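S.K.: Just dropping this structure here.
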Amino acid sequence: MDTISFFWSFFKMLTALAVVIALMIVAMYLLKKYFYQPSAAINGNSMIHIISTCHLSPKNSILLVDVLGQVMLLGVSNHQMSILGTITDPEAMENLKNFHLTKKSLPTSDTLSRYKSLLRNIGQMRKSK
């Protein structure tokens, strides 16, 4: 008789845990949907746009930034940010604009498609090694 009561107690505990987890997921979804407001740089209303980011290590990265039409390459570390250079070549600027326009046509708001493309890229990198 103890095994039956143990089984039902365990089942009730798992059910309660599932309900709590489901409520947390719904609350996170609602908070993100109604209270999350993307920054101005994501909306396109800002004068500063981060075009590309390359992470070199957990605290070091290189950014390609457009500030009022001037494209700069920035090095960012844990304690410092420095300008590595600026892009002034008209041909490079045109290539950059064309690349940026083709990248905008992809659905960036769909999180699932972003993760799928990330996993696809990781798979292709492993195949090439």
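Every read-out reported here was derived from the displayed coordinates using simple, explicitly stated rules and does not represent laboratory data. As the structure is a computational prediction, the values presented were derived from the model and not from experiment. Every residue, glycine among them, receives a Cβ derived from its backbone with ideal geometry; neighbour counts consider all protein chains shown.
S.K.: How much length is gained if the chain between ASP89 and HIS55 is pulled fully straight, taking 0.36 nm per residue apart and subtracting their Cα-Cα distance, in nm to one decimal? If you can, show how the numbers build up before the last one.
M.R.: On the way: separation 34, 0.36 × 34 = 12.24 nm, distance 2.47 nm.
My answer for the length gained is 9.8 nm.
S.K.: Please give, to one decimal in nm, the separation of the simple spin-label points placed at ILE62 and PHE7, each 7 Å out from Cα toward the Cβ.
M.R.: Going from the ILE62 label point to the PHE7 one covers 6.3 nm.
S.K.: Pulled fully out, how much extra length does the chain show between ILE122 and PHE35, if you take 0.36 nm times their separation in residues and subtract their Cα-Cα distance?
M.R.: 28.0 nm
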